[in-house]
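Right, one structure below, let's go through it.
The values are calculated or read from the model by the stated rules, or taken from the named source; none is laboratory data. Only a predicted model underlies this, so the values are computations on that prediction, with no experimental measurement involved. Cβ: placed from backbone, ideal geometry, glycine included. Neighbour counts: every protein chain shown. What goes into the accessible areas is simple: the full protein's heavy atoms, side chains included, and nothing from ligands, DNA or RNA. Shrake-Rupley method; radii C 1.70, N 1.55, O 1.52, S 1.80 Å.
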Amino acid sequence: MTRSMSRRESRLVAILILVGAMALIWLGIVAPIMDGFADRAQQRTRLAGVYASNTRLIGSISRLRVQAERQRRDRDKIRILAPDAATAGELLKARLSDVASAVAGQIRSVQDVEAESGWIGASIEARLTLPQLIGFLDRLRNQTPMLVMTSMSVSADRAASSSQPDNLDVHIEVAARHEHS
């Protein structure tokens, strides 16, 4: 048998039903709308950053074009163009020989040296005086394509026993970028 509720109990039940209805309305309608506003605010902030970045990039296009053109012009300064690696190696060895001959050095040998992929390497062994060595290095530095000196050893062992104390035995290894022409 059901007992009837007192006035106080019925108010309490009514308040609980009202609180439950408000919680359902909050969880079912208001909270998702508020979360959507927060999500869209974060998305707007992210998109504003992307927009600012894109605006800067668009503003720098002319500078990037000038830089790309300069790099296109200068790429022949940093690579040897040849149909294959063997031909590029021969060009590099010829360059070392020509430079040594230009400074009047005594060439002992010019050889291929292993290099990383996309690179070619060569070495030269020569007898040079100090002024010739300086001239040799200066000529290598100022010619194109640019080279990377991977190794250099200078020996003056014969200076004490030789009648020509200025002679230096020099071993230099260089590498250069290679690109197929």
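Listed here are the residues, each with its yes/no results for (1) surrounded by fewer than 10 Cβ atoms within 10 Å (Cβ to Cβ); (2) over 32 Å from the mean Cα position of the chain (by Cα).
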| site | (1), (2) |
| --- | --- |
| G20 | no, yes |
| L27 | no, yes |
| G36 | no, yes |
| L47 | no, no |
| A52 | no, no |
| S60 | no, no |
| R63 | yes, no |
| Q67 | no, no |
| R75 | no, no |
- [ ] Would you be able to say whether some residue in the range 145-161 is crowded, with 18+ Cβ neighbours inside 10 Å and within 29 Å of D76 (Cα to Cα)?
- [x] yes
- [ ] Within the range 73-88, identify whether any single residue is without any contact (Cβ under 8 Å) to a residue 12 or more places away in the chain, part of a helix (DSSP H, G or I) and within 30 Å of R127 (Cβ to Cβ), and answer yes or no.
- [x] yes
Task: Total residues in the range 94-109, condition under 19 Å from D84 (Cα atoms), open to solvent by 40 Å² or more (accessible area, probe 1.4 Å) and of a type outside the set (G, A, S) - done: 0
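Whether any residue in the range 104-115 is under 22 Å from the mean Cα position of the chain (by Cα) and touching a residue at least 40 places away in the same chain (Cβ under 8 Å) is what I want to check.
yes
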TODO: Select from the range 1-29 the residues that are among the hydrophobic types (A, V, I, L, M, F, W, C) and not in a helix (DSSP H, G or I) and list them in ascending order.
DONE: M1, M5
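State all residues of the range 89-98 that are hydrophobic (A, V, I, L, M, F, W, C) and touching a residue at least 12 places away in the same chain (Cβ under 8 Å); if no residue qualifies, say none.
Keep residues of the range 89-98 that are hydrophobic (A, V, I, L, M, F, W, C), which gives 91-92, 94, 96.
Scanning the range 89-98 gives L92, L96.
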Task: Number of the condition not met by S101 [criteria: (1) touching a residue at least 40 places away in the same chain (Cβ under 8 Å); (2) out of contact with any Gly (no Cβ under 8 Å at 6 or more places or on another chain)] - done: (1)
TODO: Give me a count of the residues in the range 116-136 that are under 28 Å from the mean Cα position of the chain (by Cα) and touching a residue at least 12 places away in the same chain (Cβ under 8 Å).
DONE: 7
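Every residue in the range 121-139 that is under 29 Å from R73 (Cα atoms) and open to solvent by less than 10 Å² (accessible area, probe 1.4 Å), please.
Of the residues in the range 121-139, the ones under 29 Å from R73 (Cα atoms) are 121-123, 135-139.
Matches in the range 121-139: G121, A122, S123, F136.
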